[in-house]
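Trainee: The structure that follows is given in the form of C-alpha cells.
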Ligand code: OGA
Ligand code: MN
C-alpha cells in the first residue's frame, strides 16, 4: 500500500525542523484513534524538535507560570486538591513555539483529512509538575459542553525512571473505574485521546515533570462571536 505522507515536504516549518519524525507513528496514531480512541506514540517528532521544546520549557522561570486551575473562563478555579501543576499557554511569540503550533496545525490538517474530525484549531500549554504534584482523575471535556475534541500530551523528560512516578493513567471508556493503560512521561512520547471519552489522571510525580498539554477543538462560534480559547 502506498499512501502519500501528509507531512512530506511540509510547508509550515521554519528552521528546517522536520515535522513528524517518521511515517509509522503517524499511521499507528490514525489506526489507534479509529479502533480505540486513544494512542501512545514514542518519538513522534524528531529528536531535535523535541529537544528544543525541552530546552524551552526547562528555561521558563516558575514566576512566569500560572498555578493551573479547573474549568474555563468564569468557571475557572484553583483547586489544589485536584491538580498541582504550573502552566504557561503557548503563543507563537518565539520561533520554537511558533514551530510547535505550526507542527500541530499540520497534524490537525492531516487528522481532518484522514478521520474527518472537523478539528478547527488547537490550544496548548507547557506544564510543570514539581515533585509531589499530580492531577486527579478527570475528563478534559464534557459531552455537549465543550469544544475540545482531541487531547494531546507531549512528554519532555530525559531519563524518566520507573520509580519517578508521574505516570499518565487512562481509564476505560465504558467502565471508568477500570485502568487500561499507565504510561511514563518519557521524552518524545505523545499521548492522544478523545477528550470526551476517557477519564485519565497524572499520579504524583517524584521529580520535576515537563509536558505540553493541548487540545484540538471544533468551532463553537455562536452568533458571529468567535469562541474564546483557554
Ligand atoms: C491535562 C492532563 C496529562 C498528562 O493537562 O489535562 O490530563 O499526562 N495531562 O500530563
Ligand atoms: Mn486532562
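Trainee: If we count other beta carbons within 10 Å of each Cβ, what is the order of 180, 170, fewest first? Don't jump to the answer; show the numbers that get you there.
Mentor: Values: 180 14, 170 19.
Result, fewest neighbours first: 180, 170.
Trainee: Between residue 116 and residue 93, what is 0.36 nm times their sequence separation minus the Cα-Cα distance? Round to one decimal in nm.
Mentor: 5.3 nm
Trainee: When the label point is put 7 Å from the Cα of residue 219 along its Cα-to-beta-carbon vector, which residues of region 101-144 have a backbone N closer than 14 Å?
Mentor: 118-122
Trainee: Then there is this: Go through 114-126, 50-62 and give me the packing order, highest mean Cβ count within 10 Å leading. Please report the intermediate quantities before stating the final value.
Mentor: On the way: 114-126: 17.2, 50-62: 15.1.
Highest-to-lowest ranking by the protection proxy: 114-126, 50-62.
Trainee: Given labels modelled 7 Å from the Cα in the Cβ direction, how far is it in nm from residue 47 to residue 35?
Mentor: Here the modelled spin labels are 2.9 nm apart.
Trainee: Between residue 136 and residue 178, what length comes free when the chain is fully extended (0.36 nm per residue of separation minus the Cα-Cα distance, one decimal in nm)?
Mentor: Length gained between residue 136 and residue 178: 13.6 nm.
Every number here is computed from the coordinates shown, using simple stated rules; none is lab data. What you are looking at is a predicted structure, and each value in this text was computed from that prediction instead of being measured. We place every Cβ from the backbone using ideal geometry, glycine too, and count neighbours over all the protein chains shown.
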